[in-house]
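Here's the structure we're looking at; comments come further down.
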Amino acid sequence: MQPFTLHRRHAAAALARLAAFLGLGFGALPLAADWTPEAMLEVATITATAPSPDGSRVAWVESRALMTDSKSLFRTRLLVTAADGGTPRQYTFGDANADDPQWSPDGAWLAYRHTADGGKPQLAVIAADGGGERLLTEFDAGIGEFRWAPDSTMLAFVATEPKSEAQKAREAAGDDAIVVGENPAYRHLWRIALPTADAAPVPERITTGAFSVGTQVLSGSFDWSPDAREIAFTRVSTPDIDDWPSADIAIVDVSTGRVRPYQQSDAAEWSPVYSPDGKLIAFSITNFPPSWIRQSRIGVAAPDGKGLKLLAATGDEQPSIIGWTGNRALLASEAAGTTTALWRLPVSGAKPARLDDGKAVLSAIGLNSTGTQLAFAAMTSAAPQEVALTPLRNFAPLTVSTANANLPARA
């Protein structure tokens, strides 16, 4: 594979995005004199969206500031609304936060991260009708990314290795010194079945070894194969934040835990995503050598690693994979000036086609498991974030939330 060079325009683009963030933060409203910090905290933020497999509903997470005499924090809650809008239904309540909702492929469940006040994020599920919330994990360090198995019977997730008994004893005795490179807290893959009426499920470990699954810098840790037999994952040599350039992709047999290399080079590879028919795996790959101002492309290859092809370059050459739209094209997003571009990337290598209208900043982008419906939070310099939903075959976003509809008018 030929390396590709880093262009000066990517550094300029990074500075432009920083300026856009500073000017468009807190809901992308004009920062006039009456937009005080207190006023900005009135704006709700949409942190995640998830269209249902059949496209009839969309789940989303709303974050609001909670300011009382005893608390100063952001509270997030999970809501669900119909695809044609209407009054949303709240699914989570109380002194806990919800994040990253994901529908099971059969549409019967919603999984999400549940974080109690003062606690670590744990995996939870709730029935699609909004009843019977169940916590599935109790990991000391919490859990990270998670994904449903294609058959909806279980979930895989990333969790940091628990501390050894010796480490716990030293910390209990007051020896809490952190020595760089000593006792690295590796992140690994686990799986857990859905709860039953008879028994609570027990997490089972999938990967072991002196490596970490996923990074703190690159998104997209892993993906299930369509037959649920294997998981492709991003692997780094250590859990350190600066070690992301070592990222490559490996594949683990879920039943045996056997790991085989998939994509390894002097570049960084991450964010593997299987095509619906399982014949290709798409992934992101950086420029060589990897640098903090990343230039990247999307590549595809067969599950045995053969036939690597780099897809056409996108406008900013920093695309993030959203998912597959059938077996012949991928959907990706990236910054485009002070807006967000949505690209359809043909596997053939043909030029990407831009789907959005170029007028808004899009975040919290979610594609349903059938690759037919897309949801996102949209905002402009004149309008705060709201959830929008659109079919991919005819890109026509419909606003389905009113999270910021009651904000007072400000000049």
Can you report the number of residues in the range 280-301 which are within 23 Å of ASP227 (Cα to Cα) and either touching a His at 6+ places or on another chain (Cβ under 9 Å) or open to solvent by 30 Å² or more (accessible area, probe 1.4 Å) (or both)? 1
When the residues of the range 166-211 are filtered to those that are surrounded by 10 or more Cβ atoms within 10 Å (Cβ to Cβ) and aliphatic (A, V, I, L, M), which remaining residue is farthest from ALA149 (Cα to Cα)? ALA169
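Condition check ((1) over 22 Å from the mean Cα position of the chain (by Cα); (2) assigned to a strand (DSSP E or B); (3) among the aromatic types (Phe, Trp, Tyr)) across all residues:
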{"site": "GLN318", "(1), (2), (3)": "no, no, no"}
{"site": "ALA332", "(1), (2), (3)": "no, yes, no"}
{"site": "LEU342", "(1), (2), (3)": "no, yes, no"}
{"site": "ALA350", "(1), (2), (3)": "yes, no, no"}
{"site": "ILE365", "(1), (2), (3)": "no, yes, no"}
{"site": "THR370", "(1), (2), (3)": "no, no, no"}
{"site": "THR390", "(1), (2), (3)": "no, yes, no"}
{"site": "SER401", "(1), (2), (3)": "no, no, no"}
{"site": "LEU407", "(1), (2), (3)": "yes, no, no"}
Among the residues of the range 343-353, are any crowded, with 21+ Cβ neighbours inside 10 Å and either of a type in the set (A, V, I, L, M) or over 27 Å from LEU280 (Cα atoms) (or both)? yes
Quick one: in the range 79-106, which of the residues that are among the charged types (D, E, K, R) and more than 29 Å from GLY118 (Cβ to Cβ) is nearest to the chain's Cα centre (by Cα)? ASP106
Take the residues in the range 236-259 that are over 24 Å from ILE322 (Cβ atoms) and open to solvent by less than 30 Å² (accessible area, probe 1.4 Å), then tell me which one is farthest from the chain's Cα centre (by Cα). GLY257
Within the range 318-332, residues closer than 23 Å to ALA267 by Cβ and open to solvent by less than 20 Å² (accessible area, probe 1.4 Å) come out as PRO319, GLY323, TRP324, LEU330, LEU331, ALA332
Qualifying position, being under 24 Å from the mean Cα position of the chain (by Cα), under 21 Å from LEU398 (Cα atoms) and among the polar types (S, T, N, Q), among THR76, THR45: THR45
Mind checking whether some residue in the range 219-235 is at pLDDT below 95 and open to solvent by 40 Å² or more (accessible area, probe 1.4 Å)? yes
Quick one: how many residues across the range 98-118 are open to solvent by less than 40 Å² (accessible area, probe 1.4 Å) and not in a strand (DSSP E or B)? 2
Would you mind listing the strands (runs of 3 or more DSSP E) fully within the range 17-83 where at least 3 residues are modelled with pLDDT of 95 or more and within 18 Å of SER381 (Cβ to Cβ)? none
Any residue in the range 87-97 that is assigned to a strand (DSSP E or B), open to solvent by 50 Å² or more (accessible area, probe 1.4 Å), under 19 Å from ALA59 (Cα atoms) and in contact (Cβ under 8 Å) with a residue 24 or more places away in the chain? yes
Qualifying residue in the range 394-403 (condition: buried (at least 16 other Cβ atoms within 10 Å of the Cβ), touching a Gly at 6+ places or on another chain (Cβ under 8 Å) and under 29 Å from ARG294 (Cβ atoms)): no
Only one of (1) in contact with a strand residue (DSSP E or B) (Cβ under 9 Å, 6 or more places away or on another chain); (2) modelled with pLDDT of 95 or more; (3) among the small types (Gly, Ala, Ser) is not met by SER265, so which one is it? (2)
Out of curiosity, is LYS163 in contact with a helix residue (DSSP H, G or I) (Cβ under 8 Å, 6 or more places away or on another chain), assigned to a loop (DSSP other than H, G, I, E, B) and surrounded by fewer than 19 Cβ atoms within 10 Å (Cβ to Cβ)? yes
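The values are calculated or read from the model by the stated rules, or taken from the named source; none is laboratory data. All values derive from a computational prediction rather than experimental measurement. Because the Cβ atoms are built from the backbone with ideal geometry, glycine has one as well, and the counts that use them run over all protein chains shown. Protein only, heavy atoms only, side chains kept; ligands, DNA and RNA dropped before computing areas. Shrake-Rupley method; radii C 1.70, N 1.55, O 1.52, S 1.80 Å.
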